[in-house]
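*Asks:* Quick one: structure below, then a few questions.
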Amino acid sequence: MENAADGASPEQSDGAPLRLGTGASIYRGADNSCIPELDPDCPYVPLPLVGDGHLRLDGETGYAAADGPVVDTGDSFTLGVVVRLADSEPAHPMTVLSQAGEHTDAFKVRYEPSTYTWQLVMPERDEVGAPEKVVSQIAGADGGEGQGRRLAVVYDDGTDTIKLYLDGHTNAEATASLPDGWHSTGALQIGRAKAGDGWGEYLHGDVDEVQAYAGVLRDMDVLGLGWGTDPCVC
């Protein structure tokens, strides 16, 4: 595990680096210089979520942020992320992705421990206390084990529909109507959500493979998110 010296995540696959806040670090897997199966003195090093490493957040101040919005929330978009919660019984809601307007988040993807669900929350207007569309899927918290959950969000401006995918699948409870998406200007946040004039719902866990696309990915393309490659959107 290492804190990025320049406060930014390493660039990979031509993706834009992220700004890391205090309490965020980059976890690196083994470099293969020592193989436990061949050398009993080699320490065991857990595998990263995907690829060579992942983002680790402390649940208190840790987050990562892009330089600006990565999707136009007033138009169709798709987002994917891999996340593993560190706790088996989180004490409060924790947000993995959000992108804010002036007064509230245009969307946030969070874990709600009181209902054991991953939720997609999208307010209908950029106003404090605005009505929200909330869709969800049931899943137990990871407790720091396993390869995490592959979450995806799809907003279809043409059909006024939002969907939350869990490990490549969605259902009626994870689908809702959203008549008019609104344009947010805030930067994409990883590991926290807007809370009044500040931030809250800090995530305690690991995050990897944040992928963003303009437009609506098909169900078969959503299945390809979170595996270290871009899906074939052809």
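*Asks:* Within region 38-58, does at least one residue satisfy the condition of being farther than 17 Å from residue 211 by Cβ, modelled with pLDDT of 95 or more and open to solvent by less than 60 Å² (accessible area, probe 1.4 Å)?
*Replies:* Within region 38-58, one or more residues are farther than 17 Å from residue 211 by Cβ, modelled with pLDDT of 95 or more and open to solvent by less than 60 Å² (accessible area, probe 1.4 Å).
*Asks:* Let me ask something else. Within region 79-94, is there a residue that is in contact with a helix residue (DSSP H, G or I) (Cβ under 8 Å, 6 or more places away or on another chain), touching a residue at least 24 places away in the same chain (Cβ under 8 Å) and either closer than 24 Å to residue 140 by Cα or assigned to a loop (DSSP other than H, G, I, E, B) (or both)?
*Replies:* We begin by selecting, within region 79-94, every residue in contact with a helix residue (DSSP H, G or I) (Cβ under 8 Å, 6 or more places away or on another chain); these are 80.
Going one step further and asking which of them are touching a residue at least 24 places away in the same chain (Cβ under 8 Å), we end up with 80.
Checking the rest, the ones that are also either closer than 24 Å to residue 140 by Cα or assigned to a loop (DSSP other than H, G, I, E, B) (or both) come to 80.
Yes, the conditions are met somewhere in region 79-94.
*Asks:* Here is a follow-up. Any chance you could count how many residues in region 171-207 are within 21 Å of residue 83 (Cβ to Cβ), touching an Asp or Glu at 6+ places or on another chain (Cβ under 8 Å) and not in a loop (DSSP other than H, G, I, E, B)?
*Replies:* Result for region 171-207: 5.
*Asks:* Another question about this same structure. In the set 30, 24, 16, which member is surrounded by 13 or more Cβ atoms within 10 Å (Cβ to Cβ), under 27 Å from residue 141 (Cβ atoms) and modelled with pLDDT under 80? Full working, then the answer.
*Replies:* Values: 24 fails: modelled with pLDDT under 80; 16 fails: under 27 Å from residue 141 (Cβ atoms).
Among 30, 24, 16, only 30 is surrounded by 13 or more Cβ atoms within 10 Å (Cβ to Cβ), under 27 Å from residue 141 (Cβ atoms) and modelled with pLDDT under 80.
*Asks:* Given the criterion in a strand (DSSP E or B) and either open to solvent by less than 20 Å² (accessible area, probe 1.4 Å) or touching a residue at least 60 places away in the same chain (Cβ under 8 Å) (or both), identify the matching residue among 135, 216. Break it down into steps so the answer makes sense when it comes.
*Replies:* Details: 216 fails: in a strand (DSSP E or B).
Checking each option against the conditions leaves just 135.
*Asks:* Within region 99-114, can you find the residues that are part of a strand (DSSP E or B) and over 17 Å from residue 149 (Cβ atoms)?
*Replies:* The first filter runs over region 99-114 and keeps only residues part of a strand (DSSP E or B), leaving 99-100, 105-112.
Residues satisfying the conditions are 99, 100, 105, 106, 107.
The values are calculated or read from the model by the stated rules, or taken from the named source; none is laboratory data. Worth saying up front: this structure is predicted, and the values here are computed from it rather than measured. Please note: Cβ atoms are built from the backbone with ideal geometry, for glycine as well, and neighbour counts cover all protein chains shown. Note: areas computed on protein heavy atoms with side chains; ligands, DNA, RNA excluded. Shrake-Rupley method; radii C 1.70, N 1.55, O 1.52, S 1.80 Å.
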